[in-house]
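The values are calculated or read from the model by the stated rules, or taken from the named source; none is laboratory data. Just so we're clear, the structure is a prediction, and the values are computed from it rather than from any experiment. Cβ atoms come from the backbone with ideal geometry, glycine included; neighbour counts cover every protein chain shown. All accessible areas refer to the heavy atoms of the entire protein, side chains included, with ligands and DNA or RNA removed. Shrake-Rupley method; radii C 1.70, N 1.55, O 1.52, S 1.80 Å.
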Amino acid sequence: MKKTALIMFSILFGNMVLAQKYSSKTGKVTFEASVPLFEDVFAQDNSNTVILNSDTGEMASVSIVKNFKFKVKLMEEHFNESYAETAKYPKTTFKGKVLNFDKTKLTANPQKYTIQGTLNFHGVDKPVSSAATIYAKDGKIYMQGNFVAKPADFKVTIPKMVMKKVAENVNVEYSYTLAKQ
């Protein structure tokens, strides 16, 4: 019986053990929703966690929303309490895949890729496509990219009082240095 259980465990979880996984707990994610003539709406999280399965190109990331830091503390407070509602939605996640990813073709020269997946923010899942640059150097994988998100798509309500001070399109950028697990 013990032998059978061990064999089943090996079959079910063998692929996960053999997969080449790279990860980081210090990924940088920024977003900007600034408009001309008003104060910059910019925040940065330096502790985004990301994992990449280099065999399949599948990836996932998570940010604790309160980790996004703004230049202006009051703006950060309003973001957490009124817009992101971090007490109710404490994290944002991304689950997707680097299209046509082949780790054996990575070099020190950055190559362009498309990453597609689902972003969950404010309790809403939305498909996202991102242009990314990926390269390998010194046993690590480096990934940088960006995409645009609309607060309205994630059911984030911007009060009319500040609507003209916040862009309709939020530019999101990320930068990861992934080490082999």
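Quick one: putting +1 on the C-beta of Lys and Arg, -1 on the C-beta of Asp and Glu, what dipole do you get for the chain around its Cα centre, in Debye to the nearest 20?
540
What label, among [x] 52; [y] 57; [z] 48, belongs to percent of Cα pairs over 20 Å apart computed from the structure on display?
[y]
Show the residues, 5+ positions off or on another chain, whose built amide H is closer than 5 Å to the amide H of Ser34.
Val41, Ala167
With an 8 Å cut-off on Cα pairs and a minimum separation of 6 or more residues, tell me the relative contact order of the chain in percent.
After rounding, I find 23 percent.
Please provide three numbers in whole Å: the alpha-carbon extents of the stretch 88-181 along the principal axes, with the largest listed first.
Reported extents, whole Å, longest axis first: 51, 24, 20.
Bins of 10 Å, beginning at zero and ending with the bin holding the largest distance: percent of Cα pairs per bin for the stretch 28-90, please.
Final binned percentages: 20, 44, 24, 11, 2.
Sum -39500 (n - 2.57) across every DSSP H segment of at least 4 residues in the chain, then divide by the residue count to get the 222 nm mean residue ellipticity, nearest 500.
Numbers: 2 runs with 23 residues, N = 181.
Calculated mean residue ellipticity at 222 nm is -4000 deg cm²/dmol.
What does the charge count near Met75 come to, summing +1 for each Lys or Arg and -1 for each Asp or Glu among other residues with Cβ under 14 Å from its Cβ? Display every interim value, and only then the final one.
Details: positive: Lys66, Lys69, Lys71, Lys73, Lys165; negative: Glu32, Glu39, Asp40, Glu76, Glu77, Glu81.
Local net charge: -1.
Under 14 Å from the Cβ of Ser47, count the other residues' Cβ atoms, weight Lys and Arg +1, Asp and Glu -1, and hand me the total.
Its environment carries a net charge of +4.
Going by alpha carbons, how many degrees (0 to 90, nearest 10) lie between the helix axis of 2-18 and the longest principal axis of the chain?
Relative to the chain, helix 2-18 is tipped by roughly 50 degrees.
Taking only protein heavy atoms and a 1.4 Å probe, what accessible area per residue, in Å², does the stretch 136-181 have with all protein chains in place? Walk me through the numbers before you get to the answer.
On the way: 3090 Å² over 46 residues.
Using a 1.4 Å probe on heavy atoms only, each residue of the stretch 136-181 averages 67 Å².
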